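Here's the structure we're looking at; comments come further down.
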Amino acid sequence: MAYNTASGTATSGADFGASSGTLTFAPNVTSQTFTVAITNDTTFEGAENYTANLSAPTGGATIATGTVTTTINDDGTGGPPGTDNDTPALSIADISVVEGASAVFTVSLSNPSTSAVVFTPSLANGTATLGTDTAGAGTLEFNSGTVLVPVWTAVSGNVTIPAGATSVQLRLATTDDVISEGNETFHTHRHSGLRRHYGCRHRHGHHYR
């Protein structure tokens, strides 16, 4: 009996290794196995599938089930014998800026994704007051261009990290005054869960007085 694999939403040669050949059943043997190698990458792709097919039986045999579908999971729900979790996690690093400069935050993904990741950024007072020590929260911008050629665009609700990308920059201006106030902080939050759901962490943006 011949067997082969075929692409579904998973791609042969990229997500799994193509497999084909012949299964031989000796007298009184009722089962045989073949192996399909699964590619382990770090890109979050969601559930994908491929098919395994049987054909051309000999010796008077017939095929009861000629095609089965196998699903490849990379969100931690796979297995046994093991699981694999490529689900991206969002993070924001602390930064320090001088008074009067713009605070530029980088929101990063731990893993790239084949679909866009959407999150909602927000700001909160720390020892610095938004709108006084910084520009107003409504002036927060994101970089819709590149690091080398930035295009700063006003944030209006959600920010999208495109498929395949691993970060996006946020920017907020700080206020240069003549008051000695010492170091002050404000908080940048990112909430997600539109296309994917990730936990919410809080980070601080420091600007020095």
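The values are calculated or read from the model by the stated rules, or taken from the named source; none is laboratory data. What you are looking at is a predicted structure, and each value in this text was computed from that prediction instead of being measured. A quick note on method: Cβ atoms are made from the backbone with ideal geometry, for glycine too, and the neighbour counts reach across all protein chains shown.
What are the pairs with Cβ atoms under 9 angstrom where one residue, in region 15-35, is in contact (Cβ under 8 Å) with a residue 40 or more places away in the chain and the other, located anywhere, is assigned to a loop (DSSP other than H, G, I, E, B)? Sequence gap at least six, or different chains.
D15/T9; D15/T39; D15/D41; D15/E45; F16/A10; F16/V36; F16/A37; F16/T39
Taking interchain pairs and intrachain pairs at least six residues apart, which have beta carbon atoms under 7 angstrom, with the first residue in region 51-63 and farther than 23 Å from F16 by Cβ and the second in a loop (DSSP other than H, G, I, E, B)?
P57/M1; P57/I63; A61/M1
Mind listing just one residue for me: the one in region 12-38 that is among the β-branched types (V, I, T) and surrounded by fewer than 13 Cβ atoms within 10 Å (Cβ to Cβ) and, of those, nearest to P88 (Cα to Cα)?
T35
What are the residues in region 76-98 that are modelled with pLDDT under 90, surrounded by fewer than 16 Cβ atoms within 10 Å (Cβ to Cβ) and of a type outside the set (S, T, Y), if any?
G76, G79, P80, P81, G82, A93, D94, I95, V98, listed by residue number.
Yes or no: region 135-151 includes at least one residue that is surrounded by 18 or more Cβ atoms within 10 Å (Cβ to Cβ), in contact with a strand residue (DSSP E or B) (Cβ under 6 Å, 6 or more places away or on another chain) and either of a type outside the set (A, V, I, L, M, F, W, C) or closer than 30 Å to S31 by Cβ (or both).
yes
Name the single residue, out of those in region 105-119 being among the β-branched types (V, I, T) and in a strand (DSSP E or B), that is farthest from the chain's Cα centre (by Cα).
T106
From the residues in region 49-58 that are within 30 Å of T114 (Cα to Cα) and either touching a Phe, Trp or Tyr at 6+ places or on another chain (Cβ under 9 Å) or hydrophobic (A, V, I, L, M, F, W, C) (or both), which one is surrounded by the fewest Cβ atoms within 10 Å (Cβ to Cβ)?
Per the criteria, the residue is N53.
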